[in-house]
Structures are given as structure tokens and as C-alpha cells.
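Heads up: the structure comes next, in C-alpha cells.
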Amino acid sequence: MRWVQVECRQEVHADGQDGDLILRDARGDFSSFQGQAACVYLDPPFMTGEDFYVRMRVGEQGWETGRNPLVLSAYSDKFASKQQYLDFLRRALENARDLLREDGSLFLHLDSRMSAHARILCDELFGESNFVNEIIWAYQSGGRTLKRFPRKHDTILFYRKSRHQYFDITAVPQTRSEHRQNHMRRCVDENGRTYRTIQSGGKTYTYYDDDPVYPGDVWTDVSHLQQKDPQRTGYDTQKPQALLNRIIRCATRPGDLVADLFAGSGTTAVAAAQTGRRFLVSDINPLSLTVTRKRLLGTGMTVTAATVAPGAAMQAEIDPGIAFNDVYVTDYRPSCDAEIIGLDAVDQWSAGFYADGIFRPQANAARQKQSPALPPVLQLPQLRGIPAILIADVYGNRSVWIQEDA
Ligand SMILES: C[S@@+](CC[C@H](N)C(=O)[O-])C[C@H]1O[C@@H](n2cnc3c(N)ncnc32)[C@H](O)[C@@H]1O
């Protein structure tokens with residue numbers, strides 16, 4: 001049976017209510033989500049003047065060993081001038097502001113290159129009185145130099161939409177740092193609880209070891225992803241989930257909508273899903289969509305991006321069973337000049353149903369570090385509609401296929 005590509009504008013997983021993953025420019029139209037987000041986190045290009053890449057693992061062996069990844073361009077962080085960068089940032093920030101609810105918060109993640117300019121821009125767009133914090137995220141990683149102090153922090157500008165802002169610092173307790181305790185006298189009270197005391201200015205301050213402590217505006221307890229960190233997706237500039245967990249937990253309640261218009265590897269969406277929030281994440285790069293889609297499989301997401309793999313070919317078989325049919329993908333060619341062909345070129349695939357430009361997956365398969373082999377067969381319930389297969393390949397193409405006579 002011949003399989004042909006069909007135009008598909010949306011993938012709807014389960015009821016599609018957990019969140020949205022969209023392929024869109026951050027300056028594009030997000031008006032259908034206006035006033036709905038409790039938190040917008042933006043991690044845009046920093047104007048580094050560099051190019052960034054995605055390292056895609058390929059095939060079972062590539063996933064087992066991590067060797068010979070396919071290195072693809074992710075995005076270019078090059079702007080002709082500071083003004084061009086600030087115009088770009090302004091339009092993304094205007095969208096962020098419009099997305100926010102009245103009690104919402106913006107977190108704009110930058111580094112020392114543009115943070116001062118961005119602060120002035122945010123003052124203009126959000127109002128100086130709505131500035132909340134300049135968070136310093138300090139880390140150990142990065143290069144060394146003797147020419148100046150090595151740059152070891154990012155800056156996260158935190159603004160509220162209005163004075164009705166929701167914020168709960170008690171949602172983000174930290175473990176009490178040993179450093180602070182070491183300077184203090186250790187005591188045990190009549191109930192057996194340990195505490196530390198220190199005298200200052202004629203007063204005695206008491207800190208119980210089991211009392212929660214809360215972060216200040218300098219965050220030193222969240223490390224950058226290490227080389228072998230299991231969270232690593234291969235997407236350059238990926239941020240740690242712990243960073244987004246903290247931001248999301250203090251600025252939103254369960255069920256709230258968290259938005260990120262520079263999704264990258266999808267860290268914000270993953271953190272939102274893990275903490276019981278809904279997500280709206282978008283990026284201009286199809287590879288971001290591929291990487292993020294995989295991290296979100298199992299959630300009820302809606303993916304809005306036209307599927308297209310020009311010149312691709314796919315072969316599959318359907319074996320009828322009782323109640324379920326077995327669906328096999330037997331071959332895939334990304335395009336005539338692709339270096340990687342066959343099932344090695346498939347990063348993820350789903351079996352589902354197709355109708356009116358919408359694909360509804362019923363079963364998903366994806367290569368992962370824990371399961372490098374691509375599951376060869378997926379089960380599709382019988383008699384629900386037109387059987388269809390979605391392929392997400394290692395080049396970032398997504399394509400939806402149905403049988404020619406369907
Ligand atoms: C610093 S990365 C984001 C990393 C992300 N926070 C993560 O944890 O993986 C910036 C992202 O902005 C995207 N980007 C660049 N220009 C864009 C634009 N005009 N609209 C939307 N996304 C854009 C890039 O494709 C890249 O994925």
C-alpha cells in the first residue's frame with residue numbers, strides 16, 4: 001500500500017488541554033491567548049554574535065553511545081546593530097505584556113550584554129513601578145580569563161503586570177545553607193529541634209534548622225546543565241529545569257498558564273507540565289519543535305505547525321488485529337539528498353487518525369537515552385477514522401501520512 005503526505009496544521013494529543021506548542025516568531029500574533037498567562041518567561045538570543053546548534057543523536061547506535069551526532073544549525077544570534085536587537089526585543093516584550101493577566105509576572109532572561117538596555121525597555125513597557133527584581137543567576141561553568149573577572153552570571157529581569165501581582169515565595173523553599181550555619185552557635189531546644197543563634201546589635205537571632213529558607217535575588221544554588229546531565233537534549237543554550245521550576249512555582253498556581261516565546265528545547269513547557277501548570281510555548285525554529293515535542297510526549301498538548309517534508313517518502317504496514325491494528329513503519333527517506341536515510345532518520349513517530357487537517361495521535365514512539373531503539377510497531381484502535389502516521393525526523397521535519405486510497 002502506498003502512503004502519501006497530507007497537509008496537517010495541528011496535532012492534538014489526548015484532549016489537547018495541557019498546553020500549546022507553536023511554531024511562530026515571537027513577534028507574531030498571539031492575540032488568541034491575550035490576557036491569559038500568569039507568567040511569561042523569555043530567554044531570547046542575548047546578542048552574543050554567535051551561532052548556536054542542535055546535536056541530534058541518530059539511530060540506535062547514536063543514542064546508545066552519544067557518538068557522531070548530526071550537528072544542525074539552531075539559530076543565529078547575530079544582529080546588525082544594537083538598535084535592531086532592541087527593536088526585536090521590544091516586539092517580543094509587547095507580546096509578552098499582552099499575554100499576561102493583571103496578576104501576572106514577566107521574567108526576562110539575559111546576560112550582561114543587553115540587560116541594562118532591556119531594563120530601560122521594560123521600564124517603558126511595564127512601568128518603572130512594576131519592576132520587582134533583578135535576579136542574578138550565578139554559576140561556576142563557563143570560560144576563565146585573566147584579563148577581567150570571568151563573567152559567571154545571567155540576569156533575569158522580573159516585572160509584574162500590575163500591583164495585583166500573584167507571588168508566593170513560600171512555594172520555593174531552599175535547604176538551609178551550611179555556610180550560614182557555620183558562623184552560628186548550634187543549640188537544641190526542649191523538643192529536640194536544633195537551632196542556631198547569633199547576636200547582633202544587642203539582639204539574638206534564632207534560626208531553626210528545619211525552618212524553611214527562601215531564595216534572595218542572587219541564585220547560586222541552581223547549576224548549569226553538566227556535560228552528562230540526563231536533562232540534556234543537545235539543544236545549545238538549554239536552561240536547567242530547576243531554574244524554571246523556581247520561577248513557575250513562585251509566580252503561578254497549579255492550573256495557570258505559563259508562556260515562553262523562545263522555547264528552545266522546551267524547558268519551560270516541561271517544568272510547567274511537571275508542576276501541574278498549562279503551557280504556551282513557541283519558537284521560530286522547527287528543530288526546537290521536534291526537541292520540545294519529544295520532551296512533552298505523554299501530555300495533552302496541541303502542536304500548531306504545518307507538517308511538511310518535501311521530497312520525503314515513507315513505507316508502512318497495517319496488520320489487522322482484534323480491537324487494535326498493528327502499525328509498522330518499515331522505511332523512511334527524508335529527501336533525495338539526505339545523508340541519513342531509513343529508520344535511522346526517524347527520531348519520533350506516532351500512529352493516529354487524520355481528519356480535516358488535524359492529526360490525533362493514539363500511540364507514540366521516540367528514541368530516548370533509556371530506549372535507543374525505535375519501537376517498530378504501535379497499536380491503533382480500529383474503526384475510529386482515517387489511520388495516519390506522523391514522522392518527526394532528525395532534520396526537524398514533521399510529516400503526516402495516510403494510505404493513498406483512504
Ligand atoms: C536561548 S534559546 C532558548 C533556550 C530555552 N530557554 C531552553 O531552555 O532550551 C533562544 C531561542 O530563541 C529562538 N528564536 C530566535 N529568534 C526567534 C524569534 N524571532 N521568534 C521566536 N523564537 C526565536 C531560537 O530558535 C532559540 O531556540
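Miscellaneous remarks
- Assuming charge only on the beta carbon of Lys and Arg (+1) and of Asp and Glu (-1), the dipole of the stretch 313-403 about its Cα centre is about 340 debye to the nearest 20.
- Calculated over the stretch 168-314: convex hull of Cα atoms, volume per residue (Å³): 179 Å³
- Highest-MSF residue in the chain out of LYS161, LYS152, LYS228 [GNM, Cα springs under 10 Å]: LYS228
- Rg/Rg_ref, the chain, where Rg_ref = 2.2 N^0.38 Å and atoms are Cα: 1.12
- Zone of ALA116's modelled label, taken as backbone nitrogen in the stretch 134-176 under 19 Å from a point 7 Å along Cα→Cβ: 134-137, 148-158
- Taking label positions 7 Å along the Cα-Cβ direction at both ASP168 and LYS369, the computed distance is 3.2 nm, reported to one decimal.
- Efficiency of FRET from Cβ geometry, ARG90 and MET1, R₀ 56 Å, rounded to 0.05: 0.60
- For the stretch 1-72, the Cα-based Rg and Dmax, in that order, read 18.4, 50 Å.
- Taking Cα centre as origin and charging only the Cβ of basic (Lys, Arg, +1) and acidic (Asp, Glu, -1) residues, the dipole magnitude of the chain rounds to 1520 debye.
- When the chain is treated as a Gaussian network with alpha carbon springs shorter than 10 Å, the biggest mean-square fluctuation among ARG160, ARG57, ARG91 belongs to ARG91.
- Maximal additional length on extending the ILE386-ARG67 stretch stands at 111.0 nm, based on 0.36 nm per residue less the C-alpha distance.
- Spherically averaged projected area of the stretch 313-403 from its Cα convex hull (nm²): 6.1 nm²
- Using the Cβ-Cβ distance between PHE131 and TYR205 with R0 = 30 Å, the FRET efficiency computed as 1/(1 + (r/R0)^6) comes to roughly 0.50.
- Between GLN379 and ASP189, the simple label model (points 7 Å from Cα in the Cβ direction) yields a spacing of 5.6 nm.
- Column: log10 I(q)/I(0), Debye, Cα scatterers of the stretch 192-278, q = 0.16, 0.23 Å⁻¹: -0.77, -1.16
Readers should treat all values here as calculations from the given coordinates under stated rules, not as data from a laboratory. Keep in mind the model is a prediction, meaning the values are calculated, not measured. For neighbour counting, all protein chains shown are included, and Cβ atoms are generated from backbone atoms with ideal geometry for every residue, glycine included.
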